[in-house]
1. Report the one residue of VAL261, VAL184, SER114 whose Cα lies farthest in the direction of the positive end of the charge dipole of segment 26-471 (charges on C-beta: Lys and Arg +1, Asp and Glu -1; origin at the Cα centre).
2. Between MET457 and SER160, with labels modelled 7 Å along Cα→Cβ, what's the label distance in nm to one decimal, could you check?
3. What is the helix-to-structure angle for 363-390, meaning the angle in degrees between its Cα long axis and the longest Cα principal axis of the chain, kept from 0 to 90 and rounded to the nearest 10?
4. Which of these values of Kirkwood radius over Cα pairs in Å was calculated from the structure shown: (i) 26.3; (ii) 24.7; (iii) 23.1?
5. Mind pulling the angle between the C-alpha long axis of helix 426-437 and the longest principal axis of the chain? Nearest 10 degrees, somewhere in 0 to 90.
6. Cross-link partners among aspartates and glutamates for LYS338, C-alpha distance below 15 Å, same-chain residues fewer than 8 apart left out?
7. Calculated FRET efficiency, HIS447 and HIS395, Cβ-Cβ r, R0 51 Å, to nearest 0.05?
8. With the full set of protein chains in place, find how many percent of the accessible area of the chain is carbon and sulfur; take the probe as 1.4 Å.
Amino acid sequence: MLCYNFSVFVKRKAMILLYSVGLVSGICLIVGTMIGSGIFISPKSVLLYSGAVGPCLLIWAACGVLATLGALCYAELGTMITKSGGEYSYLMEAYGPIPAYLFSWTTVMVLKPSSFAIITLSFAKYASTPFYPDCTPPEVVSKCLAAAAILVIVTVNSLSVKLASYVQNFFTAAKLLIILIIVVAGIVLLAQGNTENLTNAFDGTAQSFGAIGLAFYNGLWAYDGWNQLNFITEELINPYRNLPLAIIIGIPLVGVCYVMVNVAYFTVMTTNELLLSPAVAVTFGDRVLHPMSWIVPLFVVFSTFGSANGSCFTAGRLAYVSGREGHMVKILSYISLKRYTPAPALIFNGLLAIIYIMPADINTLINYFSFAQWMFYGMTALCLIVMRFTKKELHRPVKVPIVIPVLMVLVSCYLVLAPIIDKPQLEYLYCTIFIFGGLLLYYPFVHLKVNWARKIMRPITMHLQLLMEVVPPEKTE
């Protein structure tokens, strides 16, 4: 009887996610998610594969340009198709349900939660280091702290969209402050004549086709997040104005920060010292900011926590939208009756992230799946080209030159194929099998909608709905 009454109430109250993210919060989401731990802890990966200071700085700048061009494509798509879910919604509109399903399957099950796990592990490492001054923090401590961070972030995001936005804004301001401190210190050192590491900057440049591709991979990993605002379009106030404006302001800002921070590093460290440093920003702080060097690891903790919050915020929206379209279990599309947040989707992403924390090394997993991420980026850029011809009637408040999506498609193809051609490994085949293995679930459960599965899921959904006090979303056109 309780279930029946609750269902009647649900039918009377159509639920949607509220417009609650403004321009400033949108910029902070982009900047705060993009600037995680990479630029502070291990920018050396780009240097390692590029081989010298000059190409390293050029690759950092080129990655910023590439991220900006990609985001401009997404600005056109996001203002043309004002649905949350990012690539999922655009792939659905351009190609139909199967490519969209494969994207949601790969991203919801692997890419988003594993990225969330990696960021929180970085947070845990730097948050626990002060308590173990003479040794590396035990792995169990780092993993427990990472799991606790995931629980806190999921709770914050499930309680309130505005609270999650305030948290994001605060930590974005904190990471921009430490970047400003590093950049100003670097400018002062340059003015004092510390330029020896920047002379003969192109000596030792890598010649390998695959090495340059891997350098771009690692640079673009630090820029990952440029598409995050497209995952929450339905919650963005005035998306036709704020989506492109946040992109135009946020991504070039990150690019300038990254290049200037790297220049600052090279004012006090040689290439060998930078490659050997376990945490480049901390080494810089020890040499330049002493006795205030302790602020660097503190702000790295702030940075990683803010990036994890942004990752959780957007990941929940993808699971929510794919559940709404029937490509994931329906409970993931339900919205909190009191909080107006996609709580089930957020909790699901958090649980998967905790599972991914358990293995010894998940960095290998995410490295091999990076080619899949760029495959979907390329397919999404191709969406824009395809819909110029197949969806001419759609209103386009933002319209980019066709050469930009063409360039993005070509670059994506290079980034997908270069590492595989340069160093083919079975792991790439395993990732491909996993992606297309999703079709084994798609055909019976999504396409055929077999009755026995629906009979099993109906009572589970009902009990979870009552437990979490969530209701189905309003249907969208």
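The values are calculated or read from the model by the stated rules, or taken from the named source; none is laboratory data. This one's a predicted model, so the numbers in the text were calculated from it and none came from an experiment. Reconstructed Cβ throughout: ideal geometry from the backbone, glycine too, with neighbour counts over all protein chains shown. When the accessible area is computed, the model is the full protein with side chains, heavy atoms only, and any ligands, DNA or RNA have been set aside. Shrake-Rupley method; radii C 1.70, N 1.55, O 1.52, S 1.80 Å.
1. Farthest towards the positive pole: SER114.
2. For MET457 paired with SER160, the spin-label model returns 3.4 nm.
3. 60
4. (iii)
5. Relative to the chain, helix 426-437 is tipped by roughly 20 degrees.
6. Here the aspartates and glutamates satisfying the reach criterion relative to LYS338 are GLU469.
7. That pair, HIS447 with HIS395, gives E of 0.95.
8. Working: 14080 of 20390 Å².
In the chain, the share of accessible area belonging to carbon and sulfur is 69 percent.
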